[in-house]
Amino acid sequence: NCKLMVMISVAEAKRKIIENCPAPKIIQVPLAGAGGFVLAENLFAPMDAPHYNQSAMDGYAFAYNDWDRKSGLDVIGEVQAGNTFKAGIKPMQALRIFTGAAVPPSADTVVIQENVQREDNVIFIKDPNLLKGNNVRIAGSQTKKADLVLQKGHLLTPASIALLAGLGISYVHVFSLPSVSIIATGKELLKHGECLVEGKIYESNSFGLNAVLHQMGIFPSSIQIVDDNETEICRAINNQLHVDILLITGGVSVGDYDFVIAALKKCAVKTIFHKVKQKPGKPLFFGTCNQSLVFGLPGNPASVLTCFYEYVAEAIKCYTQNQFFNISWMPLSKSFSKKAGLTFFLKGKIFHNKIEILDSQESYKMNSFALADGIIELEEPKEKFEQNEMVRVRVFV
C-alpha cells in the first residue's frame, strides 16, 4: 500500500512531462531536407504560379474571337516548353505549342492536336465543343503572388515540398527535432556478434528505440550499452546530459543491482516522478537536468517501447509540434477483465475495424508487439471491458 501511495496516475505523469518540456526551438533548413518537419512560419507566395499563361496540352494556340469557326488557320511557327514566341499571332493564325509552353499574349485558346486536321501549314479545327480559354493554364491560377500558401503548424509532406519548390522557395523555418541519446544498462546484455552464453541475452532495447526514433526523423546522437555499475552508469549519464532527451533502459526498479536512480541523483538529475500506476512500465522514471529531459525506462523490451509510445513520443511532440502515433477509438473485439488501480497498456491488432487484444502480453515478450498495430489503453479504475466497448488505441502503423 505504501508503494501504491507514491505512484502517480498515467494522466498525471503525462501532464508533468508536458509541464517540463521547454519551448520549441525554431531553425532554418534547406527545403530539400525539410520533409517531416512542421512549419514555424506562415509562407506567402513570392510569385504567381504559374507565372505565365501556359499550355495545358500539345496542340495549337490561337485567338478565339479572331477565328471565324470554319476557315483554316495558318501555322506560323512553334514553341516548346522553356521557350517563348516573341512575334504576335494575327487573326486566322495559329502557333504549334507543347504542354507547359508559354502562350503568347495575342493567343488565348489551345486546341489539342487530336482535334485538328493539318494540311501543310494550315490547320482545320474539328472540335465543335471548343470554348475560348480551353487548355490554357492562366497565370496565377494555382497561387497568386502574396497568397498565404502554407500556415505555421503545417506538417511538410512530399506534396508540400514540391509546392514550395515550384514557387522558388529554398529555405523554410521549422520546429527543431530534439537531440536524443540512448543508454542501455545491464550486466546480462551482450552486443550483437558476441557469443551467446548462459545467463546473457542479446541487447535489443536500443534497437527498438533507435528504429522508432528513425521513424520520427530523429537520429540518436549516441547509443551506449553500460554494465550494472553505478560509477559507469553515472559517467555515461554525465556524458549525455547535453542532449534534449536522454533515454536510459533498465535499472530503474528497486532491486539490489538497480543503480540507475542512485546514479541519476549523483548526476544532479531532478526527479519529477518515479513509478506510475500502469502495467507494463510501473517503475518509469522522469526527471530533468537543466534543459535535458531524462527518462528511465524499465528493462523489459515491451515496457520500453510501450513507455516510449505513451510518454517519450509526447515529449518529442513538444519539440517538433508534430503528433506521431495518433489516438483512435475502436471497439474491442472481445471482452476483457483486469484488476482495478492500474492502467493497462495492451498490444492490439486491428481486424475489420475492431481492435483485438493479442496473446503474449508479458513485458519480456516481443512476439505479440511485433505483430501489433497499436497499444490499447484500459483506464485505471475499471475492471470489466465489454465486447464492442470503445477503447483508446495509440496507432503506430
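The values are calculated or read from the model by the stated rules, or taken from the named source; none is laboratory data. Source: prediction; values computed, not measured. A quick note on method: Cβ atoms are made from the backbone with ideal geometry, for glycine too, and the neighbour counts reach across all protein chains shown. With ligands, DNA and RNA removed, areas are computed over all heavy atoms of the protein, side chains included. Shrake-Rupley method; radii C 1.70, N 1.55, O 1.52, S 1.80 Å.
The three principal axes of the C-alpha atoms in the range 33-158 carry coordinate ranges of 57, 24, 24 Å, sorted with the longest axis first.
Between ALA262 and LEU155, the distance separating the two model label sites (each 7 Å from Cα on the Cα→Cβ line) works out to 4.4 nm. The equivalent ellipsoid of the range 222-361 has semi-axes of 31, 18, 12 Å, largest first, where each one is the square root of 5 times an eigenvalue of the Cα gyration tensor.
Annotation for the range 73-136 versus the range 258-322: alpha-carbon center distance of 67 Å.
Annotation: the antiparallel percentage among DSSP beta bridges lying fully within the range 294-397 is about 95.
If I take R0 = 25 Å and measure r between the Cβ atoms of ASN239 and THR271 in this structure, what FRET efficiency does the formula 1/(1 + (r/R0)^6) give, to the nearest 0.05?
FRET efficiency, ASN239 to THR271: 0.75.
For the pair ASN229 and HIS192, the difference between a 0.36 nm per residue extended length and the Cα-Cα distance amounts to 11.2 nm. A Gaussian network model of the chain, with springs between Cα atoms under 10 Å, assigns the largest mean-square fluctuation among SER181, SER335, SER222 to SER335.
Note on the range 145-261: along the principal axes its Cα atoms extend 68, 28, 21 Å, ordered by decreasing extent.
Note on the chain: GNM, Cα springs under 10 Å; of THR249, THR320, THR157, the largest mean-square fluctuation is that of THR157. How charged is the neighbourhood of ALA107? Take every other residue with its Cβ under 14 Å from the Cβ of ALA107, and add Lys/Arg as +1 and Asp/Glu as -1. Spelling it out: positives minus negatives among the neighbours equals +1. When the alpha carbon gyration tensor of the range 140-195 is reduced to an equivalent ellipsoid, its three semi-axes come out at 46, 13, 8 angstrom, largest first. The residue among SER170, ALA146, GLN240 whose Cα reaches farthest toward the positive pole of the charge dipole of the range 119-253, with charges on the beta-carbon of Lys, Arg, Asp and Glu, is ALA146. Projecting the Cα atoms of PHE286, GLY251, THR157 onto the dipole axis of the chain, where Lys and Arg carry +1 and Asp and Glu carry -1 at the beta carbon, places PHE286 farthest toward the positive end. Each 10 Å bin from zero holds the following percent of Cα-Cα pairs in the chain: 5, 18, 20, 16, 11, 9, 10, 7, 3, 0. Length available on full extension from MET47 to TYR64: 0.36 nm per residue minus the Cα-Cα distance, which gives 3.3 nm. For the chain, carbon and sulfur atoms together expose 52% of the accessible surface, with a 1.4 angstrom probe and every protein chain in place.
Placing pseudo-labels 7 Å out from each Cα toward the beta carbon at ALA56 and SER328 gives an inter-label distance of 3.6 nm.
Across all Cα pairs in the range 73-115, the calculated P(r) in 5 Å bins from zero up to the longest distance comes to 5, 24, 38, 25, 7, 1 percent per bin.
With a simple spin-label model that places each label point 7 Å from the Cα along the Cα-to-Cβ direction, the separation between LYS90 and GLU362 comes to 9.3 nm. Three principal axis extents describe the C-alpha atoms of the range 298-397; from largest down they are 38, 28, 27 Å. In the range 231-347, the DSSP beta bridges split such that about 55 percent are antiparallel, to the nearest 5. Using R0 = 41 Å, the C-beta based FRET efficiency linking LEU371 and SER141 works out to 0.25. Taking ASN367, ASN129, ASN353 as the candidate residues, the one with maximal mean-square fluctuation in a Gaussian network model of the chain, Cα springs under 10 Å, is ASN129.
Indicate, rounded to the nearest 5 percent, the antiparallel portion of the DSSP beta bridges found entirely in the chain.
Close to 70 percent.
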